[in-house]
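Scroll down for the structure; my scribbles are underneath it.
Only the coordinates and a few stated rules stand behind these numbers; no lab work does. Just so it is clear, the model here is predicted, and its values are computed rather than measured. Note that we place each Cβ from the backbone using ideal geometry, even for glycine, and neighbour counts take in every protein chain shown.
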Amino acid sequence: MLRRASASVSSSVLRTLYFGCFQSLLHYGVLLWGNAVDSYRLLGMQKRAVRVVAGVGRHDSCRPLFRRLGILTLPGVFVLELLTTIHRSAGEFPHSGLLHEHGTRGREFLRPDRCRLAASQRLNINFLGSSLYNGLPGAFKALSHGKLKRRLKTILASSKLKKLYSLYEKLNRRIEKLEQAEVGSSSDSDYENAYELCGRYKAKAVQVYSRICQLEGKADHADRLIKRQFQYRGPGPVPITRALEKFVNKTRQFPNFRDVLQLVKKVNSDEGLGYNAAQVMTLAQDVFVKCGDELQRRRMHDERCAAYSYLPDNSTDPAENDPVLFEKLEKNRLAARSEKEVLAEFRARSEKEERQEEAIQATEDSDVVDSDDEVEEETHAEQFMDSEEEISYLGSVEERRQKSVEDSRPPSKKSKTAD
């Protein structure tokens, strides 16, 4: 009935329907069968009903659901009815003070008749109820029936969580006080060092918080967004989006384009989506860009929340009480530029430097070429230029040739007549 009604009504209506049709039956005669051997079967049915009211799966833990919905489990219902019944008829049970006149601590305890066997004592309502009632504080025993029932219901619903939350707050207060204390210590003992004590309290606070998360059925990563399951809300068919979410949640890494392209190709072939090569490439590009944007946005939000977590709860902006600081921050805000402007300026400056380096390199290359040409011409001229020794040798050779020519020439007629 609850499952059929869950498709058309809200969770609050389902909760009311649960109390009217299921919880009321658990309270009926629970003192007679609440501690029976087969009572665990009814507890399983109660868990299934609570899962339907909460709208969760059949494998989800019911412990946080009972606390969130304010519903007592079957053992809790039995203990509540047993203690309220004993409290109403406490005067009918014999007390320890009737046996002696000594002012002992247990003189107000109930003393029911004992059974011969221990198994019978565990099943005896009077013995079990008296034992539980004796464990209650004296302030609880002095309450009226209605107040005691409300107080016990609150304790049975979240007794462990209240103690753990109280301890967690106490540890946080001590950590805050130690962080403001002096780090150095005049003694060499670690127990007198504020830094060492703060580290121990932090380790204890982490253990307590992990226990709280375990009882509440949630992860112990302090609800950080980057630790949660990734949900893709971009373009693409459902099989591809599911495969992408599974890949990111499994690897816990930023996927590259090659991984996304292979994933799209695999899903396209396995599911028979009918995309051609060009469509697969376009879809992979769109999915990769959108997935990167969502992962980047989630990481930036997580870093911002982690930075803000170091601020005290009632902290104020120092600039509100300091006009000089406020004026300086305003000047910085007006002088600040956007990320795109800074990147554009850096890109333009880089391109300008690259062009200058290319021009300098081209000038150096041209100078090197000109100097090489001049050296080559000088070398070529020197190859065909005679040295001084060669010139003197050629001069002596020319003189001897002229002298030999003159000696071989016949004498003239004038010289003969003179003779």
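Listed cross-link partners Lys246/Lys290; Lys227/Lys331; Lys265/Lys290 are compared with a 26 Å cut-off, the Cα-Cα value being larger for Lys227/Lys331. Distance between the 7 Å Cα→Cβ label points at Arg150 and Asp317: 4.4 nm.
Between Glu341 and Cys305, the distance separating the two model label sites (each 7 Å from Cα on the Cα→Cβ line) works out to 3.2 nm.
The calculated FRET efficiency for the pair Arg68 and Glu245, based on their C-beta separation and a Förster distance of 30 Å, comes to about 0.65. With both labels modelled 7 Å from their Cα along Cα-to-Cβ, the Val9 to Arg58 distance reads 2.3 nm. Working note: Karplus 6.51/-1.76/1.60 with θ = phi - 60° gives the stretch 126-143 the couplings 5, 5, 5, x, 5, 5, 5, 5, 5, x, 6, x, x, 5, 5, 5, 7, 6 Hz, where Gly and Pro are set to x. Farthest towards the positive end of the charge dipole of the stretch 2-158, among the residues Leu26, Phe66, Val37, is the Cα of Phe66, using unit charges on the Cβ of Lys, Arg, Asp and Glu. Straightening the chain between Glu406 and Glu353 buys 11.2 nm, computed as 0.36 nm per residue apart minus the Cα-Cα spacing.
Using the Cβ-Cβ distance between Gln285 and Ile125 with R0 set to 60 Å, the FRET efficiency works out to roughly 0.25. Packing order of peptides 231-237, 144-150, highest average first: 231-237, 144-150 (average count of other Cβ atoms within 10 Å over each peptide's residues).
Fully extending the segment from Leu167 to Asn256, taken as 0.36 nm per residue of separation minus the present Cα-Cα distance, adds 27.5 nm.
When the listed pairs Lys47/Lys147; Lys153/Lys177; Lys202/Lys250; Lys47/Lys163; Lys170/Lys250 are checked against a 32 Å cut-off, the alpha-carbon distance exceeds it for Lys153/Lys177; Lys170/Lys250.
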